[in-house]
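Peer 1: I'd like to ask you about the structure that follows.
Just so you know, all these numbers are worked out from the coordinates, no wet-lab data involved. No experiment lies behind these values; they were computed from the predicted model shown. Neighbour counts run over all protein chains shown; Cβ positions are idealised from the backbone, glycine included.
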Amino acid sequence: MKFNSLHRIGLALVCAIAFVATAAAQTGNYKLSQAYTHKNLTIFLIHGKDSSTKTNIMTLQEAMERKLFVVYETSNVNELEVENLSKTQDVFIQSGDIVKGGKQDRVLAISIIIPARSGRVKIEAFCVESGRWKQRGGEDANKFDSSNERIVSKDLKIAANSTRSQQEVWAKVSEAQANLGKNVGGDVASGASRTSLQLSLEDKKVVANIDEYVKFFASIANGKSDVIGYAFAINGKINSADVYVNNALFKKLWDKNLKATATEAVSLSREVRLAEPVKADSVKGFIADAEKAAASERTAAGKAKIVKREDKENVMIDAVDEKSNSVVHRNYVRKN
């Protein structure tokens, strides 16, 4: 019995050391590109080494469009079920992905890889639409139809990933809708559901206003095989950064991420801009500071590990894949 206990402790220590080594290998070894700026938005590409050569990964949006992935309504506001129907392709869900339909639109609250032929897997979620609890139009109330958008403010990221408060998510959705309406020249709440963030993001005024940003930044990563993430600032203030397990996954997510980033820039376009532009060294400092914060760990859907580092200024979330023990997605947010 003593041997078994010691043996188990030893295995636990080996796993812990392996995790720390893997995480350390992915921390602080980034290089930043030049600053790319359009109006009030500045983007820095993050260059680094791939932590995995795995390429048989679809995004949630891609898998749902191909009818290879199902997100099921559970009638639980904060939990859904997902199923990967593909025989060969894994599916990457990114924290902040919005799924449209069901009884209420939801945002998926963790980043995770769902393996091929997964069966049903429970996943954490928050509602990004309040009031509705029934079928909307021709949508299916028992499952979700698409995932074309990501949440569009750092406050929403904090509410869903760090604070993990449904009430705060609803409050930040309302705030995002108000900011967008103020900056695109009119109300963006839809008659089909005035509280739906997803429907507000489909508003023609919003789409028209972000289009200029998207066209400017869309090609900045073209031909760059070592880009694994990006950081951005709005109105001269550092906002967020995202780093992925490899360049292939970054590229698949770039269009969706850029839309969300551009939407946030539009929603804040009338705020005062700082005279001094953000420099790459400031972004590096932001990343380094976030990585120094005290860590806490929890187990999420599918036995994925979520490691959070947080202090008064920053929050960083690592999503660690159970099988590879690698950080598949790292999100940094500057709180103020």
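Peer 1: Would you mind calculating the relative contact order of the chain from Cα pairs under 8 angstrom and at least 6 residues apart, reporting the percent as a whole number?
Peer 2: Across the chain, relative contact order equals 19 percent.
Peer 1: Ignoring everything except DSSP H segments at least 4 long, calculate the 222 nm mean residue ellipticity for the chain; use -39,500 (n - 2.57) per segment, divide by total residues, nearest 500.
Peer 2: -10000 deg cm²/dmol, from helical runs alone.
Peer 1: I've got another one for you. About the Cα centre of the range 125-276, how large is the charge dipole given +1 on each Lys and Arg Cβ and -1 on each Asp and Glu Cβ? Please answer in debye to the nearest 20.
Peer 2: 80 debye
Peer 1: Using each residue's phi in the range 85-90, evaluate 6.51 cos²θ - 1.76 cosθ + 1.60 at θ = phi - 60° and report the 3J(HN,Hα) Karplus result to the nearest Hz, with x for Gly and Pro.
Peer 2: Listing the rounded values in order: 8, 5, 8, 10, 9, 7 Hz.
Peer 1: Also: Assign one of three labels to the range 159-297, namely rounded, prolate or oblate, based on the Cα gyration tensor with a ≥ b ≥ c the square roots of its eigenvalues; rounded applies when a/c is under 1.5, prolate when it is not and a/b is larger than b/c, and oblate otherwise.
Peer 2: Prolate, since a/c reaches 1.5 and a/b exceeds b/c.
Peer 1: I've got another one for you. Tell me, what is the Rg over Rh of the range 74-144, with Rh the Kirkwood radius over Cα pairs?
Peer 2: Looking at the range 74-144, the ratio lands at 0.98.
Peer 1: In the chain, what percentage of the DSSP-assigned beta bridges are antiparallel, given to the nearest 5?
Peer 2: Counting DSSP beta bridges with both partners in the chain, the antiparallel share is about 95 percent.
Peer 1: Something else: Determine, for each peptide in 150-159, 124-133, 137-146, 326-335, the mean count of other beta carbons within 10 angstrom over its residues, then list the peptides with the highest first.
Peer 2: Packing order, densest peptide first, comes out as 150-159, 326-335, 124-133, 137-146.
Peer 1: Here is a follow-up. If you put +1 on each Lys and Arg Cβ and -1 on each Asp and Glu Cβ, how big is the dipole of the chain around its Cα centre, in Debye rounded to 20?
Peer 2: 400 debye
Peer 1: Using modelled amide H (1.01 Å from N, peptide plane; none on Pro or chain starts), what sits under 5 Å from the amide H of residue 239, excluding residues fewer than 5 places away?
Peer 2: 232, 233, 234
Peer 1: Output the relative contact order of the range 210-336, whole-number percent, from Cα pairs under 8 angstrom with separation of 6+ residues.
Peer 2: Result for the range 210-336 is 23 percent.
Peer 1: Let me check against my output: what whole-number percent is the relative contact order of the range 28-133, with C-alpha pairs under 8 Å and at least 6 apart?
Peer 2: RCO, the range 28-133: 22 percent.
Peer 1: Restricting everything to alpha-carbon atoms, can you work out Rg to Rh for the range 117-215 with a Kirkwood hydrodynamic radius?
Peer 2: Checking Rg against Rh, the ratio lands at 0.98.
Peer 1: For the chain, treating each Cα as an identical point scatterer without solvent, what Debye log10 I(q)/I(0) comes out at q = 0.11 1/Å?
Peer 2: Normalising to I(0) and taking log10 leaves -0.70.
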